[in-house]
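A short write-up of the structure that comes next.
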Amino acid sequence: MKRISYSGGSFVTTDGVADALLHFVAALGSSHRAEAVEIPVIDADGEADTVQLVIGPASELVSVSERTTFAEPDSTLAVAHLRRRTDLLAVPRPVATAGGNPASADYDFDDL
């Protein structure tokens, strides 16, 4: 498991969630927006719980391995959700340009 430090606090979660969360935060850097996420964690008593975070391009997270005897929470859905959201940020999106004319093109239909 890994301990994530964020915004003056910390929490313990699975390796998969920690890794997926860090990749998601890194991907948010190129999107210039913040997102809310909810992830499974282990509280101080070893009980499964959740943490809600607002993360964005300026988020600074630190992830370190942590030894624990507590059972890992089921994080399958959380990892899949974070990876899917990360993948969506990587999909190229069309960008409008100033003064562009969508009717003009650099090809001629005779060339097709």
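The values are calculated or read from the model by the stated rules, or taken from the named source; none is laboratory data. Not measured: the values here are computed from a predicted model. All Cβ positions, even for glycine, are placed from backbone atoms using ideal geometry, and neighbour counts span all protein chains on display. Each accessible area value is taken on the protein alone, full model and side chains, heavy atoms only, with ligands, DNA and RNA left out. Shrake-Rupley method; radii C 1.70, N 1.55, O 1.52, S 1.80 Å.
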Check every one of the strands (runs of 3 or more DSSP E) wholly within the range 2-96 and list those with 2 or more residues that are open to solvent by less than 60 Å² (accessible area, probe 1.4 Å). 2-6, 9-13, 35-42, 48-55
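Table: residues versus (1) out of contact with any Gly (no Cβ under 6 Å at 6 or more places or on another chain); (2) of a type outside the set (Asp, Glu).
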{"position": "21", "(1), (2)": "yes, yes"}
{"position": "36", "(1), (2)": "yes, yes"}
{"position": "39", "(1), (2)": "yes, yes"}
{"position": "46", "(1), (2)": "yes, yes"}
{"position": "57", "(1), (2)": "no, yes"}
{"position": "62", "(1), (2)": "yes, yes"}
{"position": "65", "(1), (2)": "yes, yes"}
{"position": "69", "(1), (2)": "yes, yes"}
{"position": "74", "(1), (2)": "yes, no"}
